[in-house]
Amino acid sequence: MSGFQKGATYGEIKAYVKEHTGLTVSSLYIAQVKQKCGIIERENYNKPKSEDSRQPQCPPEKEAAIRAALEHFGMI
């Protein structure tokens with residue numbers, strides 16, 4: 001990890017979750033869990049055109065695995 005970065009990259013989080021639980025998680029799920037934990041992200045430049053667009057929500061078992069990875073990397 002570089003001196004400018006606090007925590008882990010999305011790739012590192014995905015690899016940790018895959019190694020320890022066997023689950024494959026998406027970047028969207030990681031971003032949702034980080035937002036729930038209060039970790040500030042930069043603003044998304046690829047926003048949907050319509051206001052009523054829907055996103056899939058992170059399942060509870062994957063959320064728990066991502067939280068465990070965030071705790072492992074000292075981000076929460």
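Odds and ends about this structure:
- Hull volume in cubic angstrom per residue (convex hull over the Cα atoms of the chain): 106 Å³
- Helix 27-36 and the longest principal axis of the C-alpha atoms of the chain enclose an angle of approximately 90°.
- Extension gain for THR21-GLN35 works out to 2.9 nm (0.36 nm per residue, less the C-alpha to C-alpha distance).
- For the chain, the longest principal axis of the Cα atoms and the long axis of helix 10-21 meet at an angle of about 60 degrees.
- Lys pairs under 14 Å by Cα in the chain, provided they are eight or more residues apart or on distinct chains: 6
Any read-out appearing in this document is the output of simple, stated calculations on the displayed coordinates, not a laboratory observation. Remember, it's a predicted structure, so these values are computed and weren't measured experimentally.
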